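Shown next, in structure tokens, is the structure this report addresses.
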Amino acid sequence: MPETKSSLDIHTEVARLSAITTHDGTVIIIDPELGAVSGRSRFEAEQEIRRRKAALKGSEAA
């Protein structure tokens, strides 16, 4: 099946929401811009994503 803009958008949205919890409780979130980011909880992993994105924006502005 050929990729269309709408199917690519769907893949991006799904990737944004992808999260895995390991047997020891670590949460790994797959972010389309950053790749895999982990934390001891989903909240911590989301915080790390926000921190990394802010750092990227700061380095782009410099």
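The values are calculated or read from the model by the stated rules, or taken from the named source; none is laboratory data. All values reported here derive from a predicted model rather than from experimental measurement. FYI the Cβ positions are ideal-geometry reconstructions off the backbone, even for glycines, and counts take in every protein chain you see.
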Look through the stretch 32-45, keep the residues that are under 13 Å from Ser18 (Cβ atoms) and assigned to a helix (DSSP H, G or I), and return whichever of them is nearest to the chain's Cα centre (by Cα). Ala45
State all residues of the stretch 48-62 that are in contact with a strand residue (DSSP E or B) (Cβ under 9 Å, 6 or more places away or on another chain) and of a type in the set (Asp, Glu); if no residue qualifies, say none. Glu48
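Using the structure shown, decide if Ser41 is modelled with pLDDT of 90 or more, surrounded by 11 or more Cβ atoms within 10 Å (Cβ to Cβ) and among the polar types (S, T, N, Q). Give the steps one after another, and end with the answer.
Numbers: modelled with pLDDT of 90 or more: yes; surrounded by 11 or more Cβ atoms within 10 Å (Cβ to Cβ): yes; among the polar types (S, T, N, Q): yes.
Here the answer is yes, as Ser41 does meet what is asked.
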For Gly58: the one exception among (1) among the small types (Gly, Ala, Ser); (2) at pLDDT 90 or above; (3) outside any loop (DSSP other than H, G, I, E, B): (2)
